[in-house]
1. Modelling each spin label as a point 7 Å along the Cα-to-Cβ direction, I'd like the residue 132/residue 295 distance in nm, to one decimal.
2. State the Cα centre-to-centre distance between the stretch 219-244 and the stretch 19-74 in whole Å.
3. At a Förster distance of 30 Å, what's the computed FRET efficiency of residue 37 paired with residue 322, Cβ-Cβ distance as r, to 0.05?
4. Report the extension gain between residue 190 and residue 84 in nm, rounded to one decimal, defined as 0.36 nm multiplied by the number of residues separating them, less their alpha carbon distance.
5. Could you list which residues have their amide H under 5 Å from that of residue 224, counting only those 5 or more apart in sequence or on another chain, with H placed in the peptide plane?
6. In terms of modelled amide H atoms, which long-range or inter-chain residues lie less than 5 Å from the amide H of residue 126?
7. Taking the Cα centroid of the stretch 270-305 and of the stretch 95-172, what is the distance between the two, rounded to the nearest whole Å?
8. With labels modelled as points extended 7 Å from the Cα through the Cβ direction, what inter-label distance (nm, one decimal) is found for residue 264 paired with residue 93?
Amino acid sequence: DKGEHKHFMAKEIAEQPIVVAEAIRSYMPTGADQVVLPDTDLDFSKLDRLTMVACGTAFYACLTAKYWFEQLAKMPVEVDIASEFRYREPPITDRTLALFVSQSGETADTLAALRYCEGKADKIVSVVNVPESSIARESDVALPIHAGVEIGVASTKAFTCQLSVLLMLALKAAADRGTLSDEELADHAAALRGLPSVLNTALDQNRAIRKSAQRLSEARDVLFLGRGLMYPLAMEGALKLKEISYIHAEGYASGELKHGPIALIDKHMPVVVMAPRDAVFDKTVSNMQEVMARKGKVILVSDDDGIAEAEDGVWSTIRMPHIHPSLAPILYSVPAQLLAYHTAVAKGTDVDQPRNLAKSVTVE
Ligand code: M6R
């Protein structure tokens, strides 16, 4: 049932404050600053490295989590696409935690990658939406994301729930490894608890985002730029747009722009810049100015401070609430999803059932 919404995708985007709250509650019980994992003795202090494997949107969740595990828990992390990983024959030691992320839990390549790690890795952990799925059943530990059934082929609420669970897992790793102080852990916990209400504020920008999307719907190609934690999100934003609007889009690390893609920029090229006012903001803005100097049309997604500082000459702005920098990729998923959604609606495509795609890819 779509309720008041025209599409399942719109409903699932709107549900995010509720399902993310549920995900957070189930790993960080009320009153605790500690992350508590269900039925497991998982101890990150005994591990040397983390290998994460997934496909599509779940892969971008893993790429985001790489930053968290490295920065917060000082853990070496490798991330790969399942279809590459399984044939690479990567060496896996018994001090490696192998982590598989999948909404459906039935993706054939991800399942094959998991089976490759059986008997090699210290433990096989999965982050899944369907607890009775094959990937969940074949893992030593299956961590549910609590997103509820996701029907739209374009993954939305599963992504933000995957990110929330992965961030909490990184915080658990940081606690086990003693890499964050109690104060820093409490800080993150408080920010996570505030996340659902901040997501609601982001959803209030729906109309402004629809306006920007109207303009995007006329484009042939769109670039998404971001740095640090916003880089995987740039790729996720591009994937969402491709999947449902059929507009060619690419996500790039802002700093890579001048190594090639800047050649594409002209007055017909919209460039979505994901730029919360964080430690790399100034660098992102200077990359954005290079785009504008070549007449590229910038849609700047930032907070009040960022927009006040950098809005000169941009095509349009999308205003996000302030957020703890670690949580920004979860929050900025909302405008990425809504941009794709409204662009597809403006183009009249089949949003929930895009051509050539299946919700779950159970063949190689
Ligand atoms: O069920 P999974 O999370 O394993 O699916 C992985 C990808 O097929 C999936 O994320 C796909 O990229 C989505 N259509 C993205 O919106």
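1. Going from the residue 132 label point to the residue 295 one covers 5.9 nm.
2. Here the two parts' Cα centres lie 24 Å apart.
3. 0.50
4. Numbers: separation 106, 0.36 × 106 = 38.16 nm, distance 3.77 nm.
Answer, rounded to one decimal: 34.4 nm.
5. Here 250, 251, 252, 272 satisfy the definition.
6. Under 5 Å from the amide H of residue 126: 100, 141, 142, 143.
7. Taking the Cα centre of each part, the stretch 270-305 and the stretch 95-172 sit 33 Å apart.
8. If labels sit at residue 264 and residue 93, their model points lie 3.9 nm apart.
None of the figures in this text is laboratory data; all of them are computed from the coordinates on show. Everything numeric here is computed off the predicted structure, so don't read it as measured data. Reconstructed Cβ throughout: ideal geometry from the backbone, glycine too, with neighbour counts over all protein chains shown.
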